[in-house]
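Colleague: The structure is given below, and queries will be raised subsequently.
The values are calculated or read from the model by the stated rules, or taken from the named source; none is laboratory data. Since the model is a prediction, treat every value here as computed from it, not as a measurement. Counting neighbours? That spans all protein chains shown, and the Cβs are built from the backbone with ideal geometry, glycine included.
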């Protein structure tokens, strides 16, 4: 059996820019386990997760171009996480509102758009603060924190993936959460 070498991420992104449909096949070949894992960690249902994986491929096709991701794997992870979260919320709405369909247009007079430029600046500053905090973490702590709170992995999955004892994973997560809380308090985000 001939083993195929994985294609470089930059080459896959170039295929998207060329609108070459092989880009989807190459993405699937290289990243489907990651995409499915992210979706399934959020949705916890195989059928929904498989549906979500297909949504991720469509969103990738629609967003590249114009976007040119610097880190393709992180870009895919963000799209997968957002797609799974959207589907999770939609599934929850369907269960809560079965048989009731409302249009937001019916309520437009009562809703006001109070999102301002100041809010946007605040969100960007918070994102910069969080990214800086995560980058400063030691590798082991960063891996545990990202797997738990970004990729939504269960602690047992983190233990399997990192070979760190379960008690140590819990201790790392608690330590990092406390450090983040202190950082957010120091910067005025928490009272």
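Colleague: For residues that are under 17 Å from the mean Cα position of the chain (by Cα) and surrounded by fewer than 19 Cβ atoms within 10 Å (Cβ to Cβ), scanning just segment 43-54, find the one that is nearest to residue 67 (Cα to Cα). I'd like the intermediate steps shown before the answer.
Modeller: Kept after step one, since they are under 17 Å from the mean Cα position of the chain (by Cα), are these residues of segment 43-54: 43-44, 48-54.
Imposing the further condition that a residue be surrounded by fewer than 19 Cβ atoms within 10 Å (Cβ to Cβ) reduces the set to 44, 48, 50-51, 54.
On the way: 44: 30, 48: 27, 50: 25, 51: 24, 54: 19 Å.
Top of the filtered list is 54.
Colleague: Look at residue 38 and say whether it is part of a helix (DSSP H, G or I), modelled with pLDDT of 90 or more and within 20 Å of residue 157 (Cα to Cα).
Modeller: When the stated conditions are applied, residue 38 passes them.
Colleague: Quick one: is residue 152 at pLDDT 55 or above and on the phi > 0 side of the Ramachandran plot?
Modeller: yes
Colleague: To continue, here is another question. Quickly run through segment 151-175 and pick out the residues that are under 19 Å from the mean Cα position of the chain (by Cα) and part of a helix (DSSP H, G or I). So that I can check it myself, show each step before the final result.
Modeller: Within segment 151-175, the first condition is being under 19 Å from the mean Cα position of the chain (by Cα), and the residues that meet it are 151-155, 157-158, 161, 173.
155, 157, 158, 161, 173 - these are the residues of segment 151-175 that are under 19 Å from the mean Cα position of the chain (by Cα) and part of a helix (DSSP H, G or I).
Colleague: A further question on this structure: Hey, does segment 21-35 have a residue that's buried (at least 18 other Cβ atoms within 10 Å of the Cβ) and under 15 Å from residue 152 (Cα atoms)?
Modeller: Within segment 21-35, one or more residues are buried (at least 18 other Cβ atoms within 10 Å of the Cβ) and under 15 Å from residue 152 (Cα atoms).
Colleague: Scan (1) under 18 Å from the mean Cα position of the chain (by Cα); (2) touching a residue at least 12 places away in the same chain (Cβ under 8 Å); (3) within 24 Å of residue 188 (Cβ to Cβ) for the single condition residue 124 breaks and write down its number.
Modeller: Evaluating residue 124 over (1) under 18 Å from the mean Cα position of the chain (by Cα); (2) touching a residue at least 12 places away in the same chain (Cβ under 8 Å); (3) within 24 Å of residue 188 (Cβ to Cβ) leaves (2) as the failure.
Colleague: Would you be able to tell me the number of residues in segment 130-165 that are in contact (Cβ under 8 Å) with a residue 60 or more places away in the chain and either more than 22 Å from residue 80 (Cα to Cα) or exposed (fewer than 14 other Cβ atoms within 10 Å of the Cβ) (or both)?
Modeller: Total meeting the criteria: 1.
Colleague: Confirm whether residue 73 is exposed (fewer than 14 other Cβ atoms within 10 Å of the Cβ) and under 13 Å from the mean Cα position of the chain (by Cα).
Modeller: Answer is yes for this residue.
Colleague: Among the residues of segment 180-189, how many are farther than 30 Å from residue 83 by Cβ and either modelled with pLDDT of 95 or more or in a loop (DSSP other than H, G, I, E, B) (or both)?
Modeller: So in segment 180-189, the residues farther than 30 Å from residue 83 by Cβ come out as 182, 185-188.
From what is left, the residues that are either modelled with pLDDT of 95 or more or in a loop (DSSP other than H, G, I, E, B) (or both) are 187-188.
Residues meeting the conditions: 2.
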